[in-house]
Amino acid sequence: MVGLLLICLSVIALNYFKSDKTEKGENAEAKESKIPEVDEYGGIHLEKVGDKVRQKNWGTFRLLETKSINEAFELAPMVITVKDIRRIQLSSLTDEVKEELKSYTGLSFEEAYSIYFKENLSMEEIDQQAAMSKTDIDEEVSYLEITYSVENKDSKELQFFSMENVTFNDDLTYDVPSKNFIHSGDTFMGTKKVSRSDYQPGELRKGTIGLLVDPEAKLDRLDSFSFTTDDIADGESHELLVDGTSFEIPLKGK
């Protein structure tokens, strides 16, 4: 009799926990289904901290932190206007997206070359070192987004790259051409000097940069941001006109 009672209690408990687990799973799916879904880049739909949006066949975006800058920085005759700097969390990524983002982790080929060329490694071996440095994307990963514009105020065609290197909190540094995973607007024009379209006279470009944050970096708050530009060169003769420079933006209080 006691054995039968224990069996009955076990069945009831098993059904209870199974039901509870199923209910939690259904609630999670229901919450996910309530998130707005868009076809284009999800970041542009995030307005305030906590906002979420689902990019179709890609992943879910959540705004963690935003810094409104709206400041212009001049390296005459080029003017760079930084609009916003934001931290965004990604989750529910498809396997294809995880694999794509993985290529932006670790060392780029250029970075690996600068480290290993002195060891007389072949190009293939250097490429292997770069590949081995890549890390898998977790279920959740965050990135830093920079929205900006660049204007050529000269009357001639110019060769220029607005943000070659950027640094956050005086510690986290990125080589933008190799680490930016958002190719939109200005950055869609080409991320390498050899492939980049020159700025036409009076041309204004808008751009968005996305840079993955290594989980080990433990970036909880944005306190400062700086960027280094390319040199400005004549678009036809490629003659050096203006040396590149660096600009710094304090983010505390913004």
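The values are calculated or read from the model by the stated rules, or taken from the named source; none is laboratory data. Keep in mind the model is a prediction, meaning the values are calculated, not measured. Here Cβ is always computed from backbone atoms with ideal geometry, including for glycine, and neighbour counts include all displayed protein chains. SASA here: full protein model, heavy atoms, side chains in, ligands and nucleic acids out. Shrake-Rupley method; radii C 1.70, N 1.55, O 1.52, S 1.80 Å.
Laid out as a table, the results:
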read-out: Sequence-distant residues sharing a close amide H with residue 251 (under 5 Å, placed H); value: 224, 225
read-out: Packing-based ranking, highest mean first, of 204-216, 140-152 given that Cβ atoms within 10 Å are counted; value: 140-152, 204-216
read-out: Area of residue 138 that stays accessible when all protein chains are in place (1.4 Å probe, Å², to 10); value: 90 Å²
read-out: For the range 63-71, 3J(HN,Hα) per residue [Karplus equation, 6.51 cos²θ - 1.76 cosθ + 1.60, θ = phi - 60°, Hz, x = Gly/Pro]; value: 7, 9, 7, 9, 10, 8, 9, 6, 10
read-out: DSSP-assigned coil residues among trypsin sites (Lys or Arg not before Pro) in the range 54-111, each with at most 10 further Cβ atoms within 10 Å; value: 56
read-out: Cα-only radius of gyration and Dmax that characterise the range 143-254, units Å; value: 14.8, 46
read-out: Residue-count net charge about residue 215 - beta-carbon cut-off 10 Å; Lys, Arg +1, Asp, Glu -1; value: -3
read-out: Segment residue 172-residue 138, extension gain: residue separation times 0.36 nm, minus the distance between their alpha carbons; value: 10.3 nm
read-out: Note, ³J(HN,Hα) from phi for the range 238-254, Karplus 6.51, -1.76, 1.60, rounded to Hz, x at Gly and Pro; value: 6, 5, 5, 10, 9, 5, x, 8, 10, 10, 10, 10, x, 10, 4, x, 8
